[in-house]
């Protein structure tokens, strides 16, 4: 596709439920990132994939959060036992990661998660 | 956690005026990027400046970087109503690929 896509665009769930958020990066981009943005704040890093492996998961807030990228393309962010504090916009980004270079990240439109 | 602060938090100007936003950060960086965000959703990349660069231009945008002061500024010249958005600086810290964002400046350009 032309850009990073994320589904669903909005997700409303109840406290304690499990949710999955999907990200489809730009074709050919080897690096994929998940960020979370609360109202009035800048995005906060969650996890970064290089290919299929999680190269940096230091931003995941706790073990209720997990992400996978099994074939090195689409990624799914999984949140177990959701809490009201998980409500935020979840942003996915991808970039072409050339060796030794730091490139711009292309962001998707985000998934707005609301936990009631 | 947020890297640093953007200043001002909010800015309102008239169309045709220049807008300047500042960003401070705390760590050693490899690069600094500026993004624009409309309506609280997807971010659009504006410009990237590497740590060994001091100034960069792109159309109506001018970015400066002072690594000794750990600060950057974004200048938008001849602003337009369509420039109304939130602007974020984001640093690529040394040794990391992830970006660390500031809290943003909300720019309002009055027609």
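We did not get these values from a lab; they are worked out from the coordinates using the rules stated. Fair warning: this is a prediction, and the values are worked out from it, not measured in the lab. Because the Cβ atoms are built from the backbone with ideal geometry, glycine has one as well, and the counts that use them run over all protein chains shown.
Here are the numbers for this structure:
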| quantity | calculated |
| --- | --- |
| Whole-number percent relative contact order across region B:1-56, with pairs defined as alpha carbons under 8 Å at least 6 apart | 26 percent |
| Computed over the protein assembly as shown, Kirkwood Rh from alpha-carbon pairs, angstrom | 18.0 Å |
| For A:39-47, mean number of other protein chain Cβ atoms within 10 Å | 6 |
| Cα gyration tensor category, rounded, prolate or oblate, for region A:24-64 with a/c compared to 1.5 | oblate |
| Within 10 Å of each Cβ in B:21-34, the average number of Cβ atoms from other chains | 1 |
| Cα centroid of region A:32-74 to Cα centroid of region B:76-111, whole Å | 22 Å |
| Shielding by other protein chains, B:90-98, mean Cβ within 10 Å | 5 |
| Relative contact order %, chain B, counting alpha carbon pairs below 8 Å whose residues are six or more apart | 39 percent |
| Relative contact order, percent, chain A [alpha-carbon distance under 8 Å, six or more residues apart] | 36 percent |
